[in-house]
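Report on the following structure.
The values are calculated or read from the model by the stated rules, or taken from the named source; none is laboratory data. The shown structure was predicted, so the numbers you read here are calculated from the model rather than taken from an experiment. Reconstructed Cβ throughout: ideal geometry from the backbone, glycine too, with neighbour counts over all protein chains shown.
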Amino acid sequence: MFLYNVTVSLDPQAEQEWLKWMKEIHIQDVLATNCFIECKLSRVHGEEEQGVTYSVMYLLPSEEKYKEYQSKYAAALQSEHTTRFHGRFAAFRTTLTVLDHFVHAG
């Protein structure tokens, strides 16, 4: 398994518009590429002087699917985000290889 995490810090005035757009449009468009298994949208806790921060974590079956996403879809989808929220966010992306997965048996 492979994780693609996008951490986004937002201008608080853009937060509600961004959340609505992410839930109703952007995440659905990303999942529609058929590269991903699921997505988790989370708010990052902590004191933010200049905004609010979210983590968008996408789970993929393999690094190959991530490479496919990057080569075929990422530029257009990221461009839509940048155009819509220009100047109101900062984002950084990380990739992680899942080494193991543990679930409570109880």
Condition test on GLU68, is it of a type in the set (Asp, Glu), out of contact with any Gly (no Cβ under 7 Å at 6 or more places or on another chain) and farther than 24 Å from THR83 by Cα? no
Restricting region 32-61 to residues that are under 23 Å from HIS86 (Cα atoms) and without any contact (Cβ under 8 Å) to a residue 24 or more places away in the chain, the one nearest to the chain's Cα centre (by Cα) turns out to be LEU41
What pairs come up if the first residue lies in region 62-80 and is exposed (fewer than 12 other Cβ atoms within 10 Å of the Cβ), the second is at pLDDT 95 or above and of a type in the set (Val, Ile, Thr), and their beta carbons are under 9 Å apart, counting only those six or more places apart or on different chains? LYS72/THR33
So which residues in region 50-92 are among the acidic types (Asp, Glu) and within 17 Å of TYR4 (Cα to Cα)? GLU63, GLU64, GLU68
Quick one: count up the residues across region 29-49 that are touching a strand residue (DSSP E or B) at 6+ places or on another chain (Cβ under 7 Å) and within 17 Å of MET1 (Cα to Cα). 7
So, THR33, is that one within 14 Å of VAL8 (Cβ to Cβ), surrounded by 12 or more Cβ atoms within 10 Å (Cβ to Cβ) and among the β-branched types (Val, Ile, Thr) or not? no
Using the structure shown, decide if ALA14 is at pLDDT 95 or above, among the hydrophobic types (A, V, I, L, M, F, W, C) and within 13 Å of the chain's Cα centre (by Cα). no
